[in-house]
1. Give me the distance in nm between label points sitting 7 Å out from Cα along the Cα-to-Cβ direction at B:GLU85 and B:GLU68, one decimal.
2. Could you give me the ³J(HN,Hα) list for segment A:18-25, computed from phi with Karplus coefficients 6.51, -1.76, 1.60 and θ = phi - 60°, whole Hz, x at Gly and Pro?
3. Report the trypsin sites (Lys or Arg not before Pro) located in segment B:1-32 that are in a DSSP loop and have at most 12 other Cβ atoms inside 10 Å of their Cβ, or state none.
4. Over the Cα atoms of the protein assembly as shown, each weighted equally, I'd like the Debye log10 I(q)/I(0) at q = 0.16 Å⁻¹, rounded to two decimals.
5. With no solvent and one point per C-alpha, what does the Debye sum give as log10 I(q)/I(0) for chain A at q = 0.11, 0.16, 0.24 Å⁻¹?
6. From the Cα gyration tensor of segment A:60-106, with a ≥ b ≥ c the square roots of its eigenvalues, which class applies: rounded if a/c is under 1.5, or else prolate if a/b is larger than b/c, or else oblate?
7. Could you let me know the centre-to-centre spacing of segment B:17-90 and segment A:57-114, using Cα atoms, in angstrom?
8. In whole percent, and with a 1.4 Å probe on the protein chains, what portion of the accessible area of the protein assembly as shown is carbon and sulfur?
Amino acid sequence: AQSVSQHNHHVILSEAASLELGCNYSYGGTVNLFWYVQYPGQHLQLLLKYFSGDPLVKGIKGFEAEFIKSKFSFNLRKPSVQWSDTAEYFCAVNRGGATNKLIFGTGTLLAVQP
Amino acid sequence: EAGVAQSPRYKIIEKRQSVAFWCNPISGHATLYWYQQILGQGPKLLIQFQNNGVVDDSQLPKDRFSAERLKGVDSTLKIQPAKLEDSAVYLCASSQATGYYGYTFGSGTRLTVV
């Protein structure tokens with residue numbers, strides 16, 4: 001079935017550690033890719049998105065993601081995490097066109113220990 | 001810019017009762033989405049509107065869920081009768097036509113069915 005997969009359900013890191021969260025999708029053709037973050041008690045917020053161009057995308061708060069078409073992947077990275085990055089992270093895909101709905105992965109819960 | 005407004009924030013009902021959620025999208029956003037987010041899972045699209053027409057309702061349990069978007073602005077999602085498994089956060093989001101400028105999410109309504 002067509003889907004968005006996030007391999008890590010829970011990640012625990014210490015402050016200043018590097019972060020990489022995996023995201024793979026199984027759709028062929030053109031896709032648009034997103035990472036959203038949900039801080040405790042808050043609504044989903046856009047971290048970054050990829051539509052076209054440079055496959056290395058920089059987002060807010062020091063996050064970046066790399067689109068690797070051959071691997072159907074869009075992994076999220078941050079070189080040095082902070083306690084305030086504790087949140088749930090969702091990868092999402094839309095396929096453009098008339099039905100531009102977002103399809104989400106199951107999410108990764110990140111806990112950063114001070 | 002005002003965000004996506006949703007109400008109520010919380011609702012507790014007994015099974016077999018009915019409930020309604022309201023959403024007011026960002027002004028000028030033609031597309032409105034209702035998502036269901038069950039604890040531990042990513043948001044799942046229930047229904048997508050383009051102006052006041054339904055674009056995708058393939059995952060809406062139509063025997064108990066209904067939604068409308070009169071006049072192409074705000075929207076109401078109803079559940080009647082509710083089941084225990086409907087306990088979730090119901091998210092409303094809106095976007096411009098292609099989603100290129102992102103999708104803006106409301107804070108959601110947390111429904112508990114007891």
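1. 2.8 nm
2. Those phi angles translate into 8, 10, 9, 10, x, 8, 10, 10 Hz.
3. Details: sites: B:ARG9, B:LYS11, B:LYS15, B:ARG16; in loops: B:ARG9, B:LYS15, B:ARG16.
Loop-located and lightly packed - B:ARG9, B:ARG16.
4. -1.13
5. -0.33, -0.69, -1.47
6. Details: a/c = 2.69, a/b = 1.69, b/c = 1.59.
Prolate is the answer for segment A:60-106, as a/c is 1.5 or above and a/b outweighs b/c.
7. Each part reduced to its Cα centre gives a spacing of 24 Å.
8. Working: 5660 of 11080 Å².
Its accessible area is 51 percent carbon and sulfur atoms.
The values are calculated or read from the model by the stated rules, or taken from the named source; none is laboratory data. Here the structure is a predicted model, which is why all the values come from computation and not from measurement. Virtual Cβ from ideal backbone geometry, glycine too; neighbours counted across all protein chains shown. We work out accessible area using only protein heavy atoms, side chains counted, and drop any ligands, DNA or RNA first. Shrake-Rupley method; radii C 1.70, N 1.55, O 1.52, S 1.80 Å.
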